[in-house]
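S.K.: Sending over a structure as structure tokens; questions will come in a sec.
Please treat every number below as a calculation from the coordinates, not as lab data. Small disclaimer: the values here were computed from a predicted structure and weren't measured. FYI the Cβ positions are ideal-geometry reconstructions off the backbone, even for glycines, and counts take in every protein chain you see.
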Amino acid sequence: MSFEHKSVLLFETIEGLKIKPDGIYVDGTLGGGGHSAQIAVRLGSGGRLVGIDQDQDAIEAAKRRLLEFGDRVSIVRDNYGNTREVLSKLGITGIDGMMLDLGVSSYQLDTKERGFSYRFDTPLDMRMDQRQLKSAKNILNEYSEMELYRVIRDYGEDKFAKNIAKHIVKAREKKAIETTGELNEIICSAIPAKMRAEGGHPSKRTFQAIRIECNRELEVLKESIGELISLLNPGGRLCIITFHSLEDRIVKTAFRQAQNPCICPPGFPVCVCGRESMGKVITGKPILPGNEEQKENSRSKSAKLRIFEKISG
């Protein structure tokens, strides 16, 4: 199938970036190039866009979509956590804006061979970068029961995490867990029938947790935000779209700490720790999709956009 993904909070993000025609911008989660196309069309001959993605299918789709912009656009297959290295290789030392859309693409969810979804029975995978050795199959068959419990509890926030982990270990004692269908059956057997009928698909949280662990999604996000802000030129902006509470909490906390990094005790009359603000949070509350977007794209309902601006001068 073709790489299709409806860009969430598209115009809110573009507006949030405050694009200058001669500026340098980075789309750290390029996907099919929806956000990038809107950035590139606003750039003049002196402007530049760098698109980064670790998914080869996304890279190919974005190259086709952004072909018309020529050398104004550079596309690199990598993880946004390596943005500084990517920019260094391109001879770029500072940028005027960057965006991240942390959602799993519709293409990844709907392509059954990628093994992201509980809706299909297909070999377990869930790797966003298919060069990566560790897949969901490795996690489910090699992690200890305690490690599985931690992953499902922390990343899936599932109250049945302990029982699900127990059932996974019990099932793999008979045979290795190979497919999404097998995992789906194991999860359902670990959750009481009454609870299975409530609150959406019973496998949703566990599949989310295994995917996050497989791709180190929250670790990379937590490790990267401060670094990405440091790459911004004065007045530059970082826009991040999240899709669940764990991501949003990390972004909210990191932005607040970048705005006010002081670690002095509250009673101190003046700051003596020497930590200086990197800028300001633009979004006191996150920007949410409007009713019309939520109707047109149900996957946008949980999206939140937060924006940070690098200190000027």
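S.K.: What is the distance in Å between the Cα centroid of the range 53-112 and that of the range 243-289?
M.R.: About 27 Å separates the Cα centre of the range 53-112 from the one of the range 243-289.
S.K.: Here's something else I'd like to know. Which residue, Arg127, Arg275, Arg153, has the most motion in a Gaussian network model of the chain that connects Cα atoms within less than 10 Å?
M.R.: Largest GNM mean-square fluctuation: Arg275.
S.K.: Show log10 I(q)/I(0) for the range 48-116 at q = 0.13, 0.18, 0.27, 0.28 Å⁻¹, two decimals, from a solvent-free Debye sum over equal Cα scatterers.
M.R.: Evaluating at q = 0.13, 0.18, 0.27, 0.28 Å⁻¹ gives log10 I(q)/I(0) of -0.42, -0.77, -1.37, -1.41.
S.K.: In terms of the Cα gyration tensor, with a ≥ b ≥ c the square roots of its eigenvalues, is the range 133-177 rounded because a/c is under 1.5, prolate because a/b exceeds b/c, or oblate?
M.R.: oblate
S.K.: Which ³J(HN,Hα) values, rounded to whole Hz and listed in residue order, are derived for the range 272-280 from phi using the Karplus coefficients 6.51, -1.76 and 1.60 in 6.51 cos²θ - 1.76 cosθ + 1.60 with θ = phi - 60°, glycine and proline given as x?
M.R.: 3J(HN,Hα) across the range 272-280, in whole Hz: 10, 7, x, 7, 9, 4, 8, x, 9.
S.K.: Further, regarding this structure: Once you have a ≥ b ≥ c as the square roots of the Cα gyration tensor eigenvalues for the range 193-239, tell me rounded if a/c is under 1.5, and otherwise prolate or oblate according to whether a/b is larger than b/c.
M.R.: It comes out prolate by the Cα gyration axes.
S.K.: With a ≥ b ≥ c the root eigenvalues of the C-alpha gyration tensor of the range 18-88, is it rounded (a/c under 1.5), prolate (a/b larger than b/c) or oblate?
M.R.: It comes out oblate by the Cα gyration axes.
S.K.: Something else: Could you give me the ³J(HN,Hα) list for the range 83-96, computed from phi with Karplus coefficients 6.51, -1.76, 1.60 and θ = phi - 60°, whole Hz, x at Gly and Pro?
M.R.: Each residue of the range 83-96 in turn: 4, 4, 5, 4, 5, 4, 5, 8, x, 9, 9, x, 10, 9 Hz.
S.K.: Using the Cα atoms of the range 205-313, I'd like the radius of gyration and the largest Cα-Cα distance, Dmax, both in angstrom.
M.R.: 16.4, 52
S.K.: Note down, for the range 220-260, the three equivalent ellipsoid semi-axes (square root of 5 times each alpha carbon gyration tensor eigenvalue), biggest first, whole angstrom.
M.R.: 18, 10, 10
S.K.: Could you tell me which of Ile177, Phe207, Phe268 has its Cα farthest along the dipole of the chain towards the positive end, charges placed at Cβ (Lys, Arg +1; Asp, Glu -1), taken about the Cα centre?
M.R.: Value: Phe268.
S.K.: Same structure again: Working from the alpha-carbon coordinates of the range 103-156, get Rg over Rh, Rh being the Kirkwood radius.
M.R.: With Rg and the Kirkwood Rh in hand, the quotient comes to 0.98.
S.K.: If the viscosity is 1.306 mPa s and the temperature 10 °C, what Stokes-Einstein diffusion coefficient in µm²/s follows for the range 90-203 when Rh is the Kirkwood radius over Cα pairs?
M.R.: 101
S.K.: So for the chain: antiparallel DSSP bridges make up what percent, rounded to the nearest 5?
M.R.: Within the chain, antiparallel bridges account for around 40 percent of the total.
S.K.: Hey, another quick one. Kindly give the semi-axes, whole Å and largest first, of the ellipsoid equivalent to the range 1-134, taking each as the square root of 5 times a Cα gyration tensor eigenvalue.
M.R.: The three semi-axes for the range 1-134 are 27, 16, 12 Å.
S.K.: Give me the log10 of I(q) over I(0) for the chain at q = 0.08, 0.09, 0.15 Å⁻¹, as the Debye formula computes it from C-alpha points; what are the numbers?
M.R.: Log-scaled intensity ratios, in q order: -0.40, -0.50, -1.20.
S.K.: Continuing with this model, one more query. In whole Hz and in residue order, list the ³J(HN,Hα) couplings for the range 222-237 that follow from phi through the Karplus curve 6.51 cos²θ - 1.76 cosθ + 1.60, θ = phi - 60°; x for Gly and Pro.
M.R.: Going residue by residue, I get 4, 6, 9, 4, x, 5, 5, 4, 5, 7, 6, 6, x, x, x, 10 Hz, with x marking Gly and Pro.
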